[in-house]
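The values are calculated or read from the model by the stated rules, or taken from the named source; none is laboratory data. Predicted model only: the values in this text are computed from it and were never measured. Ideal geometry is used to build each Cβ from the backbone, glycine not excepted, and the neighbour counts take in all protein chains shown. Each accessible area value is taken on the protein alone, full model and side chains, heavy atoms only, with ligands, DNA and RNA left out. Shrake-Rupley method; radii C 1.70, N 1.55, O 1.52, S 1.80 Å.
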Amino acid sequence: CPGKPATNKQQEDIFAEFRNTYFIERDASAALNAHMPEDYIQHNPNILSGRQNAIDALNQFLPLTTFTVLRAGVQNNLAWVHIKGELQGTIFATVDIFRFEGTCMREHWDVTQIANASSPNPLALF
């Protein structure tokens, strides 16, 4: 990811391509290699920083997971996506946040919650 300056519209297009490659095609290697630098910063406590560390960790469960992208946005060098996922019968919600540096997605945070069928709120996570 050799970064270069980017407009908000260019970042929106990059993020749309990333979402398609990662969540629809489920190809972590292609998505991260195309859009993240080698020294990518990861805030997930279960995955070390670095692009290859993320690829190695994600490739363990990505082929077994289905995703539905519910909402996404890009503004002021930040991108976010709210997804509904299912892994081996467990339904969960995740919000991923990425910080852009120009055309590169440089930093990542995420929050995941497992759906609870007995939740008193019928709107719950989705």
So for the chain, taking the charge dipole from beta-carbon charges (+1 Lys/Arg, -1 Asp/Glu), which of G85, Q75, P37 sits furthest toward the positive end? Q75
Percent relative contact order for the chain, counting Cα pairs under 8 Å at least six residues apart, stands at 26 percent
Positive end of the dipole of the chain, charges at C-beta (+1 Lys, Arg; -1 Asp, Glu), about the Cα centre: which of N121, N46, M105 has its Cα farthest in that direction? N121
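Between T112 and N8, what FRET efficiency follows from the Cβ-Cβ distance if R0 is 41 Å, with the result rounded to 0.05?
On the way: r = 27 Å, r/R0 = 0.66.
Efficiency computed from Cβ-Cβ geometry: 0.90.
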Which one of L78, L64, L32 has the biggest mean-square fluctuation once the chain is modelled by GNM with Cα springs under 10 Å? L64
If I model a spin label as a point 7 Å beyond the Cα along the Cα-Cβ vector, how far apart are those points for A57 and E38 in nm? 2.0 nm
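Between L64 and E25, what is the FRET efficiency for a Förster distance of 22 Å, r being their Cβ-Cβ separation, to the nearest 0.05?
Numbers: r = 15 Å, r/R0 = 0.67.
Rounded to the nearest 0.05, the efficiency is 0.90.
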When the chain is fully extended, how far beyond the present Cα-Cα distance does W80 get from E101, taking 0.36 nm per residue of separation? 6.1 nm
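Once you keep just the Cα pairs under 8 angstrom separated by 6 or more residues, what percentage relative contact order results for the stretch 1-70?
On the way: 57 pairs, mean separation 19.8, N = 70.
Relative contact order here is 28 percent.
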R71 to L48: FRET efficiency via 1/(1 + (r/R0)^6), r the Cβ-Cβ distance, R0 35 Å, to the nearest 0.05? 0.80
Each residue of the stretch 98-109 in turn: what ³J(HN,Hα) in whole Hz from Karplus with 6.51, -1.76, 1.60 and θ = phi - 60°, glycine and Pro shown as x? 10, 9, 8, 10, x, 8, 9, 8, 8, 9, 9, 10
Can you list residues from other chains, or at least 5 along the same chain, whose modelled amide H is less than 5 Å from the amide H of E107? I41, R99
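Where the only charges are on Cβ atoms (+1 Lys, Arg; -1 Asp, Glu), what is the dipole of the chain about its Cα centre, to the nearest 20 debye?
Working: 9 positive and 13 negative charges, 51 e Å.
Result for the chain is approximately 240 debye, rounded to the nearest 20.
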Taking only Cα atoms and a 10 Å spring cutoff, compute GNM fluctuations for the chain and point out the largest among G73, G102, G89. G89
Please give the solvent-accessible surface of K9 in Å², to the nearest 10, using a probe radius of 1.4 Å with every protein chain present. 120 Å²
